[in-house]
Structure formats: structure tokens, C-alpha cells
1. May I ask for the distance between the Cα centers of region 191-208 and region 63-140, given as a whole number of Å?
2. Taking the mean number of other Cβ atoms within 10 Å as a proxy for protection, how do you rank 130-141, 175-186 from highest to lowest?
3. So what is the calculated 222 nm ellipticity per residue for the chain, using -39500 (n - 2.57) for each DSSP H run with n of 4 or more, over all residues, to the nearest 500 deg cm²/dmol?
4. Find how much the distance from R59 to R219 grows on full extension, using 0.36 nm per residue of separation minus their present alpha carbon separation; answer in nm with one decimal.
5. Which whole-number percent is the relative contact order of the chain (Cα, under 8 Å, 6+ apart)?
6. Of the lysine pairs in the chain, how many meet both conditions: Cα atoms under 24 Å apart, and a spacing of 8 or more in sequence or different chains?
Amino acid sequence: MQPLSKVVIPVAGHGTRLLPATKATPKEMLPVVDKPVLQYVVEEATAAGLRDVLLITGRNKRPIEDHFDRNTELEQALRHKGAPHRLAELQRPEELATVHYLRQGAPQGLGHAVLRAEQHIGDESFAVLLGDDLIDAGSPLLPEMIKVQQRHGGCVLALMPVGPHEISAYGCAVTRPARTDGTFPITDLVEKPRSDEAPGNYAVIGRYVLPPEVFPALRATPPGRGGEIQLTDALATLARQGTPVHGVLHTGRRYDTGDPENYLRTAIQFGCERPDIGPTLRSWLDHYVRHEMPRG
Ligand code: G1P
């Protein structure tokens, strides 16, 4: 089987939960410490061997293109200044991968964004990574999902158990018990069910490895939740029609960057765990919480 090389990252969303920060800056470009969210996601893909990156973009996404392009003026200035470490950081994004761009056009949902990738992907399996979800660097999740897809074919989705009140924010998977290799056969999926109607507690998190059969399924998918074409609905159709859909449990950490509170939690965790700034940040945070934070 051909090794996977392509990844699709939809970045056309408005990021309305993070306004006004996202009025002129794409939410994917907001920094977690000193690196934009999107760079973490692209690094995760390239670490798993996926170096052909297709970004499905929208209006106001120009800063994303600039980030993955060269900035020769700044390069020269840093060379002149003798700042090799900063120069390496500047050049890292453009060296990571070959990045392609396609505009989504009308914002008709995640399924519609993925369908736009059809021509670029052709007849290969590929990964879809959602930028709101960050997965621990070095986590075996994506390499594991790729392995499962290469071994068994079909679709592979990342799952995490969530509480009853959280499931309504996610695609919800109906699974059979785990196989001996730890993967879960998925028999059905429901996009953002009401908590009291959820058919299970496994949430689909933003990592998918998909075969090209997903494209005809997406084309046949009518608008669903929120009037948008949902990837979850197309995958549910494939599962019901007998295409194997496998769930891989993510047991590591996942960080949400899509709303202010989770975004801040993510930034604080990443900062506290960075070898360079972590030790001093942690002691400052500890002091702040104990002595300076307003109570009540
Ligand atoms: C999307 C998917 C949903 C999935 C979620 C993971 O929803 O539609 O099935 O569980 O990502 O983050 P969104 O968060 O874009 O509304």
C-alpha cells in the first residue's frame, strides 16, 4: 500500500468565539507561547511523515500564507545582527512541508471543506487535522492511526471518552467492544447529539485518516447539523454501508484552542512545560495564585 503523504487542514473558520482577537487575525495564527496554533498542527503532520499539506482557507487568511513563506528582509536583518537561533526559528515554518492553498468559497461546513480537497488528493488515502485541537508533541496518535489505516483500510478516527455534558460539542461514535489490537469498530456516528440523546460517550476529536471513498460519500451528504455539510454524516453513511470505520483511543493529552478559556489553559500548560521559560513561569504562577490572585 502506498505510504500516506498528504494532509488536509481546514482553516476557513471565522473563530467567532475568540473575537475580537480573530477580527483581522486568523484563529489558527494566534500564538500558544510563541508559535502559532497552526504551526503545531503542521509539525504534528510532518512528524508523522505527512509533508504535503493542503490548507483549505477563506477570507482574511493571508497571514497564514505569509507564515509558511520566506521573509527575506527579516532573514537578512537577523543574519546581519548575528542571531542564528532566531533565524532558524524564522525559517522553520517554510522548511517544514510543501504547503498548498485552496479557498473554500462558501463556508458550508467541515464536510464541504474536505470535499474541496478531492482534486488535490486524487486516489490516495490522506489525513485531516483540525486546528482547534492540539495533540501532545511526540504522541503516537497520528502514526498509530496511519498504521491502522494501512493495515485494515477504511476510515480511522481518533476518539476520547467525554462526560455526558460535553458530548454535545462533538461528533459521537457508536462502537463495538475493542479488538485485541485496541481499535474500536465504529458502527455509527452522530454529529453533536443532545446530551440526553447521545448514543455513547466516545467523542471524535480532530484527527482523521480517510480513504478517497469519502469524497463520493461527502458529495451525497445533505446539509446536517447547523445547516452545514458534516464530515461526521458522510462517515456515518460509510460505516452503515459497510466501509470499515476504526476508532483509535487517544490516551494522551489534547488541548482545545477554540475558545478563550481553553485557549488560555493551553497556553499556560505549554508555557509551564517549556524547558526555557517553564521553571520561572511556574514559580511566578504559584506565587500569583497563592498571594496575589483576587479571591471570590
Ligand atoms: C468538528 C467536527 C466534530 C468533532 C470536532 C472535534 O466540530 O464536526 O465532529 O468532534 O470538530 O474538535 P467543530 O468543533 O469544528 O464544531
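No lab work stands behind these numbers, since they all come straight from the coordinates. These numbers were taken from a predicted model, which means no experiment stands behind them. Positions of Cβ are backbone-derived with ideal geometry, glycine not excepted, and every protein chain shown enters the neighbour counts.
1. Taking the Cα centre of each part, region 191-208 and region 63-140 sit 29 Å apart.
2. In decreasing order of mean packing, 130-141, 175-186 become 130-141, 175-186.
3. After summing the helix terms and dividing by the residues of the chain, the value is -9500 deg cm²/dmol.
4. On the way: separation 160, 0.36 × 160 = 57.60 nm, distance 2.36 nm.
Working it through step by step, the gained length comes to 55.2 nm.
5. Over the chain, the number comes to 21 percent.
6. Counting lysine pairs in the chain gives 11.
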